[in-house]
Amino acid sequence: MSILVTGGAGYIGSHTCLELLNAGYEIVVIDNLSNSKLESLNRVSELAKTDFKFYSIDLLNKKALETVFSENNIEAVIHFAGLKSVNESIETPLHYYHNNVTSTLNLCQTMGKYGVKKMIFSSSANVYGETKCVPVTEEHPLNPINPYGRTKLIIETILRDLYISDHSWSIALLRYFNPVGAHESGRIGEDPNDIPNNLMPYITQVAIGKRDKLKVFGNDYDTHDGTGVRDYIHVVDLAKGHLKALEMVIPTTGIDVFNLGTGVGYSVLDLIKGYENTTSQKIPYIFTHRRPGDIDKCYADTTKATKKLGWTATKNLEDMCYDSWKWQKNNPNGYNE
Ligand code: NAD
Ligand code: UFG
């Protein structure tokens with residue numbers, strides 16, 4: 001029996017594939033490589049010292065998807081595939097709704113047809129929108145403020161309706177906070193196609209000299225130093241959370257939702273200082289205006305994941321900065337050697 005990983009060539013997917021292989025699971029990976037490179041999977045294979053099947057297909061192509069299910073004995077699906085840029089989703093909402101929602105419908109329909117009813121879905125803290133109180137529990141009101149976040153909420157709703165219609169499904173909705181860092185080997189990591197939108201990959205590109213300086217978006221937020229506070233979580237901790245979710249989903253039925261974060265909030269300035277101290281690289285920065293749509297602070301209450309999944313993040317800010325830097329330093333051009 002295999003675990004099907006959609007979007008497995010991507011940032012979080014590749015780290016999770018490695019953890020799955022290291023734990024002895026057999027995996028099958030689907031990715032259309034729209035935001036990733038095949039090289040990430042070559043390196044996963046190299047690190048795990050084992051091979052696995054890869055299908056370069058689009059989840060929008062239902063016929064191709066059926067082939068994967070007919071050719072393999074799939075036990076459960078971890079569904080990472082999706083587009084994830086908030087800005088892009090505002091510019092091209094239909095593309096985002098089509099890619100993220102339609103592909104999930106195709107996936108669920110095909111899973112149902114082949115009797116595979118166990119799924120872990122990559123949701124996001126983005127579904128909470130403006131945070132009313134921190135730390136954010138899973139009960140916090142859901143009000144995403146951009147199309148990307150709305151695709152996640154729509155998919156969560158679809159999966160809940162699916163479970164209501166058929167109680168033999170078993171589904172975990174995982175709401176990630178801010179994934180950063182890279183595998184300790186420095187062989188796999190985050191490889192943004194363009195100018196990074198997110199803070200950590202931007203910082204690492206400043207550190208390596210690809211960008212002059214970081215723009216800190218706003219220093220007048222209601223936080224300890226005026227800059228935005230987020231819950232940064234090491235990608236390997238996050239990947240391990242999926243194995244815990246799998247252990248819950250496989251032997252049971254039901255649907256449940258979990259925050260995956262550290263429960264600790266760091267500001268932009270905390271991250272810059274942490275990066276400088278850990279890597280001895282200087283990160284020049286300037287303060288600019290707030291980025292539209294940003295909120296002042298967001299960090300997770302992770303009690304539920306700890307109690308029900310038996311999972312807690314173990315890596316600290318130093319690990320996150322060190323591993324990001326190691327990946328960037330060893331791979332200045334990402335997977336384009
Ligand atoms: P990523 O872009 O690195 O990985 C997603 C992968 O899915 C890519 O390899 C892409 O090529 C593939 N893909 C996209 N659409 C596809 C389709 N129609 N068919 C087949 N493959 C397709 O992103 P990531 O950071 O690894 O994120 C993984 C998941 O986690 C996404 O669903 C994302 O929305 C979610 N998430 C990410 C973050 C974050 O900050 N990285 C935060 C919260 C949630
Ligand atoms: N920031 C800067 N300068 C930059 C980039 C970011 O100051 O160049 C600041 C932001 O204003 C924010 C913080 O750094 O205060 C973090 O910003 P990111 O873009 O790294 O992360 P966000 O919290 O805005 O969003 C990310 C993903 C979303 C996801 C969310 C929660 O982009 O898709 O985390 O998981 F939903």
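Miscellaneous remarks
- Each of Lys63 and Glu26 was given a label point 7 Å from its Cα along the Cα-to-Cβ line. The distance between the two points is 2.8 nm.
- Here the extension length gained between His224 and Lys304 equals 26.1 nm, from 0.36 nm per residue of separation less the Cα-Cα distance.
- Pairs from Lys273/Lys326; Lys244/Lys308; Lys240/Lys297; Lys84/Lys152 whose Cα-Cα separation, in the structure shown, is over 21 Å: Lys240/Lys297
- Ranked by the mean number of other Cβ atoms within 10 Å of their residues, highest first, the peptides 150-161, 48-59, 15-26 come out as 15-26, 150-161, 48-59.
- The alpha carbons of the stretch 267-306 occupy a box of 38, 29, 9 Å along the principal axes, longest dimension given first.
- With both labels modelled 7 Å from their Cα along Cα-to-Cβ, the Asn316 to Glu88 distance reads 3.6 nm.
- Distant alpha-carbon pairs in the chain (separation over 25 angstrom), percent: 50 percent
- Heavy-atom accessible area per residue - the stretch 253-297, 1.4 Å, Å²: 48 Å²
- Choice from Pro141, Pro179, Pro192 showing the highest fluctuation, given a GNM over the chain with Cα pairs closer than 10 Å: Pro141
- Among the protein heavy atoms of the stretch 198-337, carbon and sulfur supply 47% of the accessible surface, probe 1.4 Å, non-protein parts ignored.
- Paramagnetic reach from Asn73 in the stretch 1-20 [backbone N under 14 Å; point 7 Å along Cα→Cβ]: 1-3
The values are calculated or read from the model by the stated rules, or taken from the named source; none is laboratory data. If you're wondering where the values come from, they're calculated on a predicted model, not measured in any experiment. Positions of Cβ are generated from backbone atoms using ideal geometry, with glycine treated the same way; all protein chains shown enter the neighbour counts. Ligands, DNA and RNA are excluded from the accessible area calculation, which covers all protein heavy atoms including side chains. Shrake-Rupley method; radii C 1.70, N 1.55, O 1.52, S 1.80 Å.
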